[in-house]
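Here's the structure we're looking at; comments come further down.
The numbers here are math on the coordinates, done by the rules we state, and not lab data. Since we're looking at a predicted model, the values are computed, not measured. As a convention, Cβ positions derive from the backbone with ideal geometry for all residues, glycine included, and neighbour counts pool all protein chains shown.
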Amino acid sequence: MERNRRPSLHTLLLLEALSKRPRAWQYGYELSQITGLQSGTLYPILMRLCDRGLLESQWKAAVQPGRPPRHVYRLTTAGTAFARRAIPADAGSQRRPAPDGEFA
Amino acid sequence: MRSRKTAARAAAALLLKHAAWASPRNRKQWLQAMAHEVEHVPDDASALWWALGSIFVSYLERADNMSRSSTSLPPWLLCLEMVVCLGPLAWLFTGALAMTGRGVMPLSFGIPLVSAALLGPVGLVLALRTVFFKGRSVGPITTIILTLLAAWTVLECTEQVLQGAFLWSWRDYVLMALLPPLAVAHLLQINSQRRAAPAIA
């Protein structure tokens with residue numbers, strides 16, 4: 001039995017960013033920039049989504065030589081379906097955090 | 001300017017190293033990912049902020065891991081913990097009830113003491129239920145009642161000590177007033193994790 005808890009606002013922001021390019025692999029820092037989430041908020045959400053099979057991750061060699069490989073993420077099929085259900089139709093700029101960290 | 005930049009990056013690297021060290025085994029890869037990602041953060045302040053975030057993630061995951069793994073204590077160890085923590089209070093309950101019943105102890109003194117010591121036998125019953133009936137967990141009302149009872153135990157035993165009613169030493173106070181509520185808190189935590197377990201999966 002799985003508890004159906006509404007995703008948090010931060011999770012919705014992340015799902016929205018990931019579902020805009022569902023087949024593309026995205027970097028953690030890139031997602032942080034798009035969503036405005038700090039690393040301490042972003043990564044626990046990524047972990048939980050991975051644990052639930054909604055997100056897949058892999059290591060990708062860095063483009064620049066001498067840099068370490070990077071972790072990349074994208075939604076699984078289940079994750080895409082979950083995001084479609086979770087993100088309201090009128091989602092968009094309304095939930096994006098303002099520069100001071102507050103939500104509009 | 002250059003040295004300050006290097007210092008910030010060095011601090012970030014140290015923080016990330018500590019975060020990876022402190023993280024639970026199943027999250028090492030994630031902390032490694034955060035450490036690698038910092039190489040792509042353009043400015044030093046953001047890199048330092050990123051590294052501080054990794055510390056937060058590491059501690060959070062460590063705490064989460066520890067709280068979940070406590071439910072997997074072997075039954076004999078949990079039984080031992082409960083007997084040590086709740087046994088003395090259950091013994092006090094039996095003695096105080098018998099003495100009050102026989103009239104050896106005045107009611108004005110016996111009733112508060114018996115009610116405060118009630119946590120002992122109640123806690124032992126809860127412990128047996130937790131150990132032997134793993135499929136069941138206590139509900140929110142029972143949790144509230146047990147919490148109130150534990151608070152009453154602490155208050156009443158503290159009052160007894162302050163009044164000098166018994167020749168209580170600090171060891172008695174730990175045995176009667178501190179260990180039983182802690183044991184009950186542990187049992188309630190185990191039960192709450194059992195309730196939440198389906199959502200974790």
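Looking at the range A:1-89, which trypsin sites (Lys or Arg not before Pro) are DSSP coil and have at most 13 other C-beta atoms within 10 Å of their C-beta?
When the trypsin sites (Lys or Arg not before Pro) of the range A:1-89 are filtered for loop state and at most 13 Cβ neighbours within 10 Å, A:Arg3, A:Arg5, A:Arg23 remain.
The range A:4-57 to the range B:36-115: how many Å between their Cα centroids?
32
What is the local net charge at B:Met176, summed over the other residues whose Cβ is closer than 15 Å to its Cβ (Lys, Arg +1; Asp, Glu -1)?
-2
How big is the charge dipole of the range B:2-69 about its Cα centre, in debye rounded to the nearest 20, if each Lys and Arg gets +1 on its Cβ and each Asp and Glu gets -1 on its Cβ?
Its charge dipole is roughly 220 debye.
Dipole of the range B:30-147, Cα-centred, from +1 at each Lys and Arg C-beta and -1 at each Asp and Glu C-beta, to the nearest 20 debye?
Details: 6 positive and 7 negative charges, 223 e Å.
The dipole of the range B:30-147 has a size of about 1080 debye.
Based only on other Cβ atoms within 10 Å, what is the fewest-to-most ordering of A:Tyr29, A:Tyr43?
Numbers: A:Tyr29 21, A:Tyr43 28.
Least crowded to most crowded, the residues run A:Tyr29, A:Tyr43.
³J(HN,Hα) across the range B:26-40 via Karplus (A = 6.51, B = -1.76, C = 1.60, θ = phi - 60°), whole Hz, x for Gly/Pro?
6, 10, 4, 4, 5, 5, 5, 4, 5, 5, 5, 5, 5, 5, 9
Taking the Cα centre of the range A:9-87 as origin and charging only Cβ (+1 Lys, Arg; -1 Asp, Glu), how large is the dipole, in debye to the nearest 20? Kindly include the intermediate steps, with their values, before the conclusion.
Values: 11 positive and 4 negative charges, 39 e Å.
That gives a dipole near 180 debye.
Summing +1 for each Lys or Arg and -1 for each Asp or Glu, what net charge is found among the other residues whose Cβ lies under 13 Å from the Cβ of A:Glu56?
Values: positive: A:Arg23, A:Arg52, A:Lys60, A:Arg74; negative: A:Asp51.
Taking every Cβ under 13 Å from that of A:Glu56, the sum is +3.
How large is ³J(HN,Hα), in whole Hz, for each residue of the range B:82-87 in order, when computed from phi with the Karplus curve 6.51 cos²θ - 1.76 cosθ + 1.60 and θ = phi - 60°, using x for Gly and Pro?
Those phi angles translate into 5, 5, 5, 7, 9, x Hz.
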